[in-house]
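The structure appears below as structure tokens.
The values are calculated or read from the model by the stated rules, or taken from the named source; none is laboratory data. Fair warning: this is a prediction, and the values are worked out from it, not measured in the lab. FYI the Cβ positions are ideal-geometry reconstructions off the backbone, even for glycines, and counts take in every protein chain you see. Ligands, DNA and RNA are excluded from the accessible area calculation, which covers all protein heavy atoms including side chains. Shrake-Rupley method; radii C 1.70, N 1.55, O 1.52, S 1.80 Å.
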Amino acid sequence: MLMSLHLAVLPILLPMIGAPLAALLGRSSWAWWITLIISIGQLLCFVAMLPVVLGGQPLDYSMGGWAIPWGIAYRVDALSLFMGLLIAAIAVLTCVYAKHSLRTDVDHEKLPYAYCCMQLCVMGLLGMVLTADIFNLFVFLEISSLATYGLVSLGKDRRALLAAFRYLVTGTLGATLFLIGVGLAYTATGTLNLEDMAQKFATSPHQRTIQGAFAFIFAGLVLKIAIFPLHLWLPTVYRFAPSAVAVLLAATATKVALYVLVRCQFGLFGQAISASHYLAELLLVGGVLAMLYCSYLALKEDDFKGLLAYSSLAHLGYMLGGMGLLSAKGLSASLMQLFAHTLAKGGLFMLAGIMVLSAGTSKISQLTGLAGRSPLLFLALVICGLSLVGVPGTVGFVGKWQLLDAALTQGRFGLVLAILASSLMALAYVWKILETAYSNPQSNMQLTVKPGWLMPLSMWSLTLGCLYFGFFSQWPWQLAQHAATVLWGSS
Amino acid sequence: MIDVVLNIVLLLFLLTMAVSILFIRHLMAMAMLFGLYSLLTAALFLVLDAPDVAFTEAAVGTGISTVLMLATLAITGIHKEKRPKIHLPALLLCTLVGGLLVVISLDLPPLGDEQSPALQGVAKHYLEKGKEETGVPNVVTAVLASYRGFDTLGEVAVIFTGGVCVLMLLGHWRQKPSVKVKNKIRITSR
Amino acid sequence: MESVLDLVLGHFNYWAVIALLMIGLYGIIARQNLLKKLACLSIFQTGVFLLFISWGYRHDATVPILAEGFSRYANPLPQVLMLTAIVVGVATLAVGYALIVRIHKAYGSIEEDAILEKDQQEQE
Amino acid sequence: MSLSLWLGIGPLIPLLGALAVGFLGRQPNLRDGFGAFTALMLLLWSITGFVQFNLSHEALLWNAPLIFASPIEGIPLAFSIEPLGLCFALLASSLWLITHLYAIGYMRAKQESHQTRFYVAFCLAMACLMGLILADNLLTLFLFYELLTLTTYPLVSHKGDEKTRKNARLYLMLLMGSSLLLLLPGILVFWQWTGSLNFTPGGLLDKDQPGVALLYLLFVLGVAKAAVMPLHRWLPAAMVAPTPVSALLHAVAVVKAGVFTLLKVTLYLFGAEVIHAQATLLLWLPALTILLASFVAMTRDNLKERLAYSTISQLSYIVLGTVLANSMGLLGGALQMLMHGMAKISLFFVAGVILIASGKTNISELTGLGRQMPLPFIIFTLASLSVIGLPPFGGLWSKWYLALGTVEAGQYLLLGVLMLSSLLNIAYLLSVPLGAFRPSAQPFALKKVPLSCQVSMALPALACILLFFAAEPLIQLLRPITG
């Protein structure tokens, strides 16, 4: 009973114990076990909250027993549960993956600290998802960001350092812009609790301030999400970070920033932004540009991880497009797309890590003959790649279908065309990899290092997830719909 | 009235400092100016009735931050910046964002305004009930430690994270020859 | 005339802070020296702190420590928030400095364009 | 056997076959033997279906689809069977057995590499084809349509050299690109209009629904497997594949999957009447394709490429019949699916045998070869006559009903197109054996042709004659659905 009361904060409190333990015990194997146990614990928390939240009642928790809005409150509704489940599951898989992956990327003595940072990063992300207090959200944003700066800098290549530095500057700039927005919103309402704020927006005399608040929160988050054209920091970060870290970032970090944007735009400012139709157009145009231009960049890229990074940017465009439709259907399609992309991109980044480890290169042009040497790896590449394109039978198709359906329902033919064109380019760049891997080896590519069994295990769980949810998608789709109606009900 | 004058004077100083920091090319001098800048900020906080923030800024901003910057300079040993060029897009962006902010600021309640919603909201409760509910006369402390204690826990987590990151980056790790790394990979492949 | 003066006096804080913010922003984007970038980032952050504290200011009031004989206090909440934000900012700066030290070790320079040039050369 | 069991087994047979073939890769004899066994089982499966469900085809089992997944709310993935699919399944499975026998001889005689991969991909392609045939709704069909493209890619790019890879890329990009860019939005729009994608006799659309022709155009072009110009380029490109692949997949399975899709969409989603009333203008697309492809075929010297263009032309007959959408036209189209498949596979087999024996691929180099090895060219002649549509070959019936269809619709110009095309057929097909039987100066150095190739080459050509006399039961089977 006591446990069930504290379920909402447990995912945050667990790593607060686990992270220092992992760092202090000083043995990498212990640190790994701690991290694994903590992340499984977090996942179980979310699973345990599932029936309560799906029952229709959000789970509220007041820190220190102070009533809303005096204290900090936590709130788990369908949307936060959706994100939380996804992040916690990815965290478990990344942790499993990291055991071998990090060991080859990072010096032995630094490993406990790396695991500690991984826990902190996930803690920050979950905190952002669970909290109902906008300043608290900023604090957790900074925790996860700081941890990622450290993790990215662990990359083997020295270019990782500059990538981490640029990420730090951009990230901090984004967070500070967000903070300005928080301040403006506070001056207009006098409160920090999200729900309280949303109510006070309606009656506040300072409407221009509120619009300004949204503008700054939006700008800060756009930097964090890396929406085109503010995406420049992202590709190098994904390329040079240690493989396990790249997985974590690609699958969760930008998505959580997107979640915050969704939460703020629809949950918080929904009523206050009278000019929201301009905003919708902005999101749509931004999304379309991101889809087309970043897909084009991905086509030109020869580095596997770099290509995946650009493809991530293009897929963010899909999600933005869905948000820009300003409807429950569009939003749930966006969330479904987010789910699909997390599975596929997570799997692909894991695969990239295995490839870098065993083939010693991430250049696509040097992958010739992969299919012959390692047919299973190739099969996973095919499945995740096709999910990225949106071929039926994969979860990517489900996401794309819902998005297209929503866009067509609202007569947004431009968006439909852009999605289709971008899928075509996705097919081209995915096929560029597949074809190279499939063709007969000209150079003698050597797979000297075996990746062990933990790395393939986690990669395959995501890959099979792509397939499974491609055939049976009720579960995530219903949750996504539920989440979307939560926000649309409140605005 | 003296508040207002002091306030304006300090702000003008602050602006001068910021401009000098931007344009001075000697990095050591920049670090010094940076320390002064922080100190001025702390003074400004004091003028604006925020002693707790002023203390923290003086200790953390002026103290630790400047020391860290000097230490970085000492390690890198680079004391002179290359001649910078004028960055036109950045200038344009700054004008744009700045203009936007000025427009927004006109809608803001003026400094010290009694009617500002910020004073009516949660803050009112803290001032009126804070002592009664927490027993601490310093409302800032009361809010920090009690009402928003969880933020403070998060703050501790931030410091911890920063510490771990710095340790990872700068700790005296044994430098390993690349051969050993290969050995390690072999062990894992078994 | 009176009202213009009021407007200027009432908003001068905001405008000065906005100028600070823009100086910081310009430096972050335009300066190639990494240390300079961080310093400008710090200016930017400090600007935001000032903004918050200004929002909490109240005429003819005193510091928010409850005492006999005073009834008007400054808004404590922005101060609390900024206490947290200052610490967060310094933690970020510390990580940034550590990164600069490492970058200097790896490249021998802390000018961004010089570093990128070295990477280019290495690739060729 | 219960229906759902039968439905489930269909795609499973080749799927399990693929697994087994993959595992037996190190023992070529066992592997090939097992492949043949799989093909035989599939043939038995389709015959069972024919016998069991042919008798009760009025109710035609629409009520009992086998649902196996539900990716999207309201559209499950499900299998069911109807007469058209039954005919196609029978055709494909019987030809698979023959092709497999042919392939064993061909691949060994040419000493091709990666044979296991080849057979595995072949089995997988057949499994996808079975899934496509049994699809109960458009989404299921779309799924297997895409999978069929993917599984045939390794077969097309089998040789692995630069030219092959380039062609295979074109193959994939055109097929998948068109389906993602045209077919998918078509499906979506249909879904928006009707809220259902289930194949239903009589179709789902209202008769006066506006914009039908435009949507139908998306389908005609989007199903690029039907190779209607201008999206036909993939078919000649796919001819870089080994001959058995060109024969079964690119003369029968893949291309017929395309027209099969169109037929099903027309019959069961749009409704023949709606198409008949609204899409008359679209008739010129296949009509032009028929003529243009025939002209191009005449200019091609490479035998397989000429056959490919001939296929493009002949496929458009089926599309023509489909778009005509009157009972005669539809019947003609459905029959053409079978008749052309039988004849064309024979032609490709002959091309393969010529390649094995003499190493020649160009028609101009074949002069005199017919005197040294008459059998292949005799078979080529027989099959050509069936394609042209002369008695006593099965091809006559399809042409006959198509012609009736144009007359019924009052499109006499189209009738002229059909006649002209038949003349062109004669020119570009019969010129091959005619040239080969002319005397030549130098004798050819011939290699031995495996017996399995010779037999399997002859069988479909003989079947064409059989079909001329036994077309009646087929027509009876197809009548109820074509109206």
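What the table shows:
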| item | result |
| --- | --- |
| Single residue of A:A188, A:A250, A:A202 found to be open to solvent by 20 Å² or more (accessible area, probe 1.4 Å) and either in a helix (DSSP H, G or I) or at pLDDT below 90 (or both) | A:A202 |
| Search result, residues across the stretch C:31-45 that are open to solvent by less than 10 Å² (accessible area, probe 1.4 Å) and either at the interface with another protein chain (Cβ under 7 Å from one of its Cβ atoms) or touching a strand residue (DSSP E or B) at 6+ places or on another chain (Cβ under 9 Å) (or both) | C:R31, C:N33, C:L34, C:L35, C:K36, C:A39, C:C40, C:L41, C:I43, C:F44 |
| Number of positions in the stretch A:438-477 that are part of a helix (DSSP H, G or I), facing another protein chain (nearest Cβ under 10 Å), modelled with pLDDT of 90 or more and open to solvent by 50 Å² or more (accessible area, probe 1.4 Å) | 2 |
| Condition met for C:I100 (facing chain B (nearest Cβ under 8 Å) and in a helix (DSSP H, G or I)) | yes |
| Given (1) within 18 Å of A:T254 (Cβ to Cβ); (2) part of a loop (DSSP other than H, G, I, E, B), number of the condition A:T342 does not satisfy | (2) |
| D:L420 vs. criteria of a type in the set (A, V, I, L, M), in a helix (DSSP H, G or I) and either over 19 Å from D:L366 (Cβ atoms) or modelled with pLDDT under 85 (or both) | yes |
| Tally of residues being farther than 20 Å from A:A251 by Cβ and of a type in the set (F, W, Y) across the stretch A:277-331 | 3 |
| Boolean, D:L182 is at pLDDT below 90, more than 7 Å from chain A (Cβ to nearest Cβ) and either within 25 Å of D:G211 (Cβ to Cβ) or surrounded by 24 or more Cβ atoms within 10 Å (Cβ to Cβ) (or both) | no |
| Conditions (1) open to solvent by less than 20 Å² (accessible area, probe 1.4 Å); (2) facing chain B (nearest Cβ under 9 Å); (3) among the charged types (D, E, K, R); number of the one not met by C:D60 | (1) |
| Among the candidates B:V9, B:V47, B:V67, B:V5, residue that is more than 8 Å from chain C (Cβ to nearest Cβ), among the aliphatic types (A, V, I, L, M) and in contact (Cβ under 8 Å) with a residue 40 or more places away in the chain | B:V47 |
| Restricting the stretch D:41-87 to residues that are aromatic (F, W, Y), surrounded by fewer than 21 Cβ atoms within 10 Å (Cβ to Cβ) and not in a helix (DSSP H, G or I), the residue that is modelled with the lowest pLDDT | D:W62 |
| Residues located in the stretch D:154-177, provided they are more than 8 Å from chain A (Cβ to nearest Cβ) and open to solvent by 10 Å² or more (accessible area, probe 1.4 Å) | D:K159, D:D161, D:E162, D:K163, D:K166, D:N167, D:L170, D:L174 |
| Search result, residues across the stretch B:110-125 that are touching a Phe, Trp or Tyr at 6+ places or on another chain (Cβ under 8 Å) and farther than 7 Å from A:G190 by Cβ | B:L111, B:G112, B:S116, B:H125 |
| Residue satisfying all of: in the stretch C:72-111; among the polar types (S, T, N, Q) and in contact with a Leu (Cβ under 7 Å, 6 or more places away or on another chain); surrounded by the most Cβ atoms within 10 Å (Cβ to Cβ) among these | C:N75 |
| Residue check for B:P84: assigned to a loop (DSSP other than H, G, I, E, B), open to solvent by 40 Å² or more (accessible area, probe 1.4 Å) and not small (G, A, S) | yes |
| Residues within the stretch D:1-55 that are of a type in the set (A, V, I, L, M, F, W, C) and under 30 Å from D:S113 (Cα atoms), tallied | 19 |
| The listed residue being surrounded by 24 or more Cβ atoms within 10 Å (Cβ to Cβ), closer than 15 Å to A:F304 by Cβ and within 12 Å of chain D (Cβ to nearest Cβ), out of A:G396, A:G390, A:G385 | A:G385 |
| From the options B:P110, B:P89, residue that is open to solvent by 20 Å² or more (accessible area, probe 1.4 Å) and either in a loop (DSSP other than H, G, I, E, B) or small (G, A, S) (or both) | B:P110 |
| Residues that are closer than 18 Å to D:A277 by Cα and not hydroxyl-bearing (S, T, Y), drawn from the stretch D:293-330 | D:V319, D:L320, D:G321, D:V323, D:L324, D:A325, D:N326, D:M328, D:G329, D:L330 |
| Subset of the stretch D:90-117 (residues that are over 25 Å from D:D161 (Cα atoms) and surrounded by fewer than 24 Cβ atoms within 10 Å (Cβ to Cβ)) | D:L90, D:L91, D:S94, D:L97, D:L101 |
| Count of residues meeting criterion [part of a helix (DSSP H, G or I), over 27 Å from C:H59 (Cα atoms) and open to solvent by 60 Å² or more (accessible area, probe 1.4 Å)] in the stretch B:20-58 | 4 |
| Of all residues making up the stretch D:210-261, the number that are on the phi > 0 side of the Ramachandran plot and open to solvent by less than 10 Å² (accessible area, probe 1.4 Å) | 1 |
